[in-house]
Amino acid sequence: MTLAEGTFTGKVIVITGAASGMGAACARLFTELGGTVAIIDIDEERANQVATEIAADDPIIGDIADSNFCVQAIDAITERYQRLNVLVNAAGTIHRADALGTSDDDWRRVMGVNIDGMFYLSRAAVAYMAEQGRGTIVNFGSIWGGVASSGSTAYCVSKGAVHQLTRAMALDHVHQGIRINAVAPGEVRTPMLSSQRASPPSEADLQALADATIPMKRLAEPREIANVVAFLASDDASYMTGEIVHVDAGYTAR
């Protein structure tokens, strides 16, 4: 489904992790569709680059694992724009290791970014959206939230928690006019896909990964995931809440 130009005109869309990858693709797409995008990210340099590219206001820079920062960020955005229509929780991190290779700090960092920060921001956003009587949240889950992968214990657990947070909050807040869904991407051509590996994978390596694991035999592009996020955030998805929408080229169909 292609959303019409102007779908998000007059709406404020908060996007975390918008400095790169799928978050940046979402920032570009929501802007193209008429939305006012507010960026939250820890990477100031790249966040400013994306903000300049899409003519957005200055990003809010900080660590979403800090609950106080999350509250302050939502307060600043709602004060700036006097509304908050959509929250896209795209920020995420990964630690590539089994349990024995995951230190306490590694575990806390993955959980802090992938689930704690999502909860803190969603809690703050829902409080504001409830007063409006309407709002939409789209969380970034993962195929690894429903099926497991070796060598990424903390990441898999964090994404399973994202899926359950999505369902639980959707049920809690549906009566307030708030819809909460999640997108669960498969393998996407982003910086995270290549991060924390012994050596950066070549194009041949990535194609071999796709050939071995993905029914469509190719990686997704960030824009393909952003298209689904925008649909879930739009009124075209008005009867959807508590859903985990897989965008994985058939990976989990097996």
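The values are calculated or read from the model by the stated rules, or taken from the named source; none is laboratory data. Keep in mind it's a predicted model, so treat the numbers as computed, not measured. Note: ideal-geometry Cβ built from the backbone for every residue, glycine included; neighbour counts use all protein chains shown. Heavy atoms of the whole protein, side chains included, go into the accessibility calculation; ligands, DNA and RNA do not. Shrake-Rupley method; radii C 1.70, N 1.55, O 1.52, S 1.80 Å.
Give all pairs with beta carbons closer than 6 Å in which a residue from the stretch 152-165 that is hydrophobic (A, V, I, L, M, F, W, C) meets a residue that is open to solvent by less than 10 Å² (accessible area, probe 1.4 Å); count only pairs at least 6 apart in sequence or on separate chains. Correct list of pairs: Ala154/Val110; Val162/Asn139; Val162/Gly141.
Yes or no, residue by residue, for (1) at negative phi; (2) touching a helix residue (DSSP H, G or I) at 6+ places or on another chain (Cβ under 6 Å); (3) hydroxyl-bearing (Ser, Thr, Tyr); (4) modelled with pLDDT of 95 or more:
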site: Gln164; (1), (2), (3), (4): yes, no, no, yes
site: Leu171; (1), (2), (3), (4): yes, no, no, yes
site: Arg179; (1), (2), (3), (4): yes, no, no, yes
site: Val183; (1), (2), (3), (4): yes, yes, no, yes
site: Leu209; (1), (2), (3), (4): yes, no, no, no
site: Ala253; (1), (2), (3), (4): yes, no, no, no
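Scanning the stretch 30-49 for residues that are surrounded by 24 or more Cβ atoms within 10 Å (Cβ to Cβ) and of a type outside the set (Asp, Glu), we see that the one that is farthest from Ile94 (Cα to Cα) is Gly35.
Scanning the stretch 230-254 for residues that are more than 15 Å from the chain's Cα centre (by Cα) and open to solvent by 40 Å² or more (accessible area, probe 1.4 Å) turns up Asp235, Asp236, Ser238, Tyr239, Met240, Thr241, Tyr251, Thr252, Ala253, Arg254.
The set of residues in the stretch 150-165 that are part of a helix (DSSP H, G or I) and under 12 Å from Gly101 (Cβ atoms) comprises Thr153, Ala154. In the set Ala73, Ala154, Ala90, Ala125, only one residue is of a type outside the set (Asp, Glu), in contact with a His (Cβ under 7 Å, 6 or more places away or on another chain) and buried (at least 18 other Cβ atoms within 10 Å of the Cβ); that residue is Ala154.
Within the stretch 12-21, can one find any residue that is open to solvent by less than 50 Å² (accessible area, probe 1.4 Å), touching a Pro at 6+ places or on another chain (Cβ under 7 Å) and modelled with pLDDT of 95 or more? Looking through the stretch 12-21, at least one residue is open to solvent by less than 50 Å² (accessible area, probe 1.4 Å), touching a Pro at 6+ places or on another chain (Cβ under 7 Å) and modelled with pLDDT of 95 or more. Yes or no: Leu206 surrounded by fewer than 20 Cβ atoms within 10 Å (Cβ to Cβ) and under 30 Å from Arg134 (Cα atoms)? It is false that Leu206 is surrounded by fewer than 20 Cβ atoms within 10 Å (Cβ to Cβ) and under 30 Å from Arg134 (Cα atoms). Looking only at residues that are hydrophobic (A, V, I, L, M, F, W, C) and free of Cβ contacts under 8 Å to residues at least 24 places away in the same chain in the stretch 181-240, which one is nearest to Leu3 (Cα to Cα)? Result: Ala210.
Would the stretch 53-69 turn up any residue that is touching a residue at least 12 places away in the same chain (Cβ under 8 Å), open to solvent by less than 20 Å² (accessible area, probe 1.4 Å) and of a type in the set (Ser, Thr, Tyr)? Checking the stretch 53-69: not a single residue is touching a residue at least 12 places away in the same chain (Cβ under 8 Å), open to solvent by less than 20 Å² (accessible area, probe 1.4 Å) and of a type in the set (Ser, Thr, Tyr).
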